[in-house]
Amino acid sequence: MKIPIMSKERFKKGFFLLIFKVIGYNYSKVTPEPRENPRIVSLSRSALELLDLDKDAIEKDPESAEYLCGNKILPGSIVK
């Protein structure tokens with residue numbers, strides 16, 4: 001079974017923030033826009049557990065905010 005992906009070509013840009021339902025797709029493929037001086041304001045231990053991430057390790061790692069906001073891409077991620 002092939003999982004459909006919503007690509008950038010499938011919707012129109014032109015808004016500062018584009019919010020829409022991704023009907024019939026599992027996710028939309030986008031390139032993150034860099035953020036200046038990102039910081040973590042809050043973390044949910046239960047949400048991090050679903051992603052198999054350790055809250056304490058994230059709080060200690062100075063690069064965590066860079067990864068969580070999309071400034072840095074996690075190794076093994078699909079980037080196109």
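Please treat every number below as a calculation from the coordinates, not as lab data. This one's a predicted model, so the numbers in the text were calculated from it and none came from an experiment.
Quick notes on this structure:
- Stretched out straight at 0.36 nm per residue, the stretch from residue 35 to residue 66 would grow longer than its current Cα-Cα span by 10.3 nm.
- Under-5 Å amide H pairs with residue 71, H placed in peptide plane, nonlocal only: 35
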